[in-house]
1. Can you pull out the residues in segment 361-395 that are surrounded by fewer than 20 Cβ atoms within 10 Å (Cβ to Cβ), of a type outside the set (A, V, I, L, M, F, W, C) and closer than 16 Å to Lys248 by Cβ?
2. Could you check Lys95 against (1) more than 19 Å from the chain's Cα centre (by Cα); (2) crowded, with 23+ Cβ neighbours inside 10 Å; (3) under 22 Å from Asp237 (Cα atoms); (4) among the basic types (Lys, Arg) and say which number it fails?
3. Quick check, is Gly286 touching a residue at least 40 places away in the same chain (Cβ under 8 Å), of a type outside the set (D, E, K, R) and more than 18 Å from Tyr259 (Cβ to Cβ)?
4. Please specify each residue of segment 406-447 satisfying the condition of being at pLDDT 90 or above and surrounded by 19 or more Cβ atoms within 10 Å (Cβ to Cβ).
5. Suppose we filter Ser100, Ser45, Ser61 for residues that are within 26 Å of the chain's Cα centre (by Cα) and at pLDDT below 95; which single one remains?
6. Could you look through segment 192-210, keep only residues that are assigned to a helix (DSSP H, G or I) and among the small types (Gly, Ala, Ser), and pick out the one that is farthest from Ile55 (Cα to Cα)?
7. How many residues does segment 1-58 hold that are within 19 Å of Ser76 (Cβ to Cβ) and either free of Cβ contacts under 8 Å to residues at least 24 places away in the same chain or not assigned by TED's automatic domain parsing to the domain that holds Leu205 (or both)?
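The values are calculated or read from the model by the stated rules, or taken from the named source; none is laboratory data. Small disclaimer: the values here were computed from a predicted structure and weren't measured. Note that we place each Cβ from the backbone using ideal geometry, even for glycine, and neighbour counts take in every protein chain shown.
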Amino acid sequence: MHNVKIAVVDNGIDEALLKRQLNHRVYINHDGQCIFDNADMNKVSFMHGTTCALIIEKYLSDFSISSVRILSENGSGLIEALYQALEWCLKNEIKVVNLSLGTKHFKDKALVRSLINRCANQGMCIIAATANSGYITYPASFSNVIGVAMEGNEHCEFIGNEHIGIDVAAPSGHELNICGRKIISRQSNSYAAPYVTALIGKLLLEMGLHNIAEIKQALRTHSEYNMRLLSEYYEPDWIGTALVRIRKTKSKANYYFNYVNGTISQVPDHADTIITDNLAELEEAGEYNKNIVYLGKENIEKNISGRFFWSPKKRLKQIFNCVGEKKELNIPVILCEFDESMDEMFLLTELRRNFNEDNYNIYTASLEADSILYDLEYIPRECLEAGDIKYFNSFIYWQTYYKQSDGIILGIKENVILECGELLQQTDMRIVFKQLEGKQEATVWCDGAAYCKKIFEKTDSGSIKLLYQNIKRVLTEK
């Protein structure tokens, strides 16, 4: 590679201030069309995109740059425009994209994740700034993105970085020459991202890296760069298409990704991940240059060169490393107790969907490791043991803080409930699901009293909606 093709997706670039011509000037209009950007950038007072481009140019020489404008002059825009912008980048073979923007709204997560994973699996490297507020930001928090915060950001110290998914803390105050006048870019995550973009451009020129996992590993070997690599905790959120090899019966709920069945040796080229719960298959899976999710009961922690690997041990380690001042939850906690025969993942995802439709952001978790396949949070059972509950409490508090959650739902099997005495004391509502002679019963308990009992002929979306309406009524009356 002799030249890195970079796009700055932002509020436009004033070409006159650069030392080179723009390769493309694109504007995503309100109809989602990609058209030539004929805006007079010299009249734009908020030079957000221009500043990002100048920072890249300061630290990287062998590159071409394109401007893709999706934000207004004041830096606001619609998340739908990001879809069109990245589609344009794919079609024009842009390999590196600087995004000093993002969204914190939980309803945007699934759409942005799907888009990011598709781009990353086609070789695109996206560098994204996290929000200055410190809350979880999409796409910066995704595994398939290089997430960036400025050095000195309080949310990346100690507790915060375990939860917001940021990879790099980098300088944001850069001396720039604009029309013969020297300025220092202000302290902001937005201006840390283009510094990292430039350094990744250098790595691509020097090392010929092929994917995000390789780039993240390479960053850790280049300590001479003036930036700090943060923890390696990440969610298994990178999956676009997976070969699924697990013995547990699939839920009626949908996986958050596309999937295929078959043997390990039949893994198709377009699949980016192999999911297995068989230890014997784990070594074989490592031969196919794919990301791996291991859901077996063995305590496995594995590093794969140039690929992602996740197992329950990763989550356990993340939780046990979460320490900090003890704080009390101020959002409702709902404990859902299931018997072994019930489809826990379907019930949890449907409850969450109903809350989401009413604009409640509910942190929904399970003690079952395969919950991560359904875009649910995974909480290892070990964390609920008496001596370790403090780690669980700290982890849940900070997770829900940074994700701006309105409540918590935790699914748990009935044979585990007796081990969770301290957890029960923190619970605002307990919903007990039982299978009775071909029917399903759900009893809602609050303050030691049964508020309502529902019996369903079948468990489907309609019956869960009726149950949700009762849950909502009880919570609002409390």
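1. Arg381
2. Here Lys95 clears every test but (2).
3. In short, no.
4. Matches in segment 406-447: Gly407, Ile408, Ile409, Leu410, Gly411, Ile412, Met429, Arg430, Ile431, Phe433, Ala442, Val444.
5. Answer to the selection: Ser100.
6. Among them, the one singled out is Gly201.
7. Residues that pass the stated criteria total 4.
To keep it simple, each residue is scored yes or no on (1) of a type in the set (S, T, N, Q); (2) assigned to a helix (DSSP H, G or I); (3) in contact (Cβ under 8 Å) with a residue 40 or more places away in the chain; (4) under 21 Å from Arg315 (Cβ atoms).
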{"site": "Asp388", "(1), (2), (3), (4)": "no, yes, yes, yes"}
{"site": "Leu410", "(1), (2), (3), (4)": "no, no, yes, yes"}
{"site": "Thr427", "(1), (2), (3), (4)": "yes, no, yes, no"}
{"site": "Phe433", "(1), (2), (3), (4)": "no, no, yes, no"}
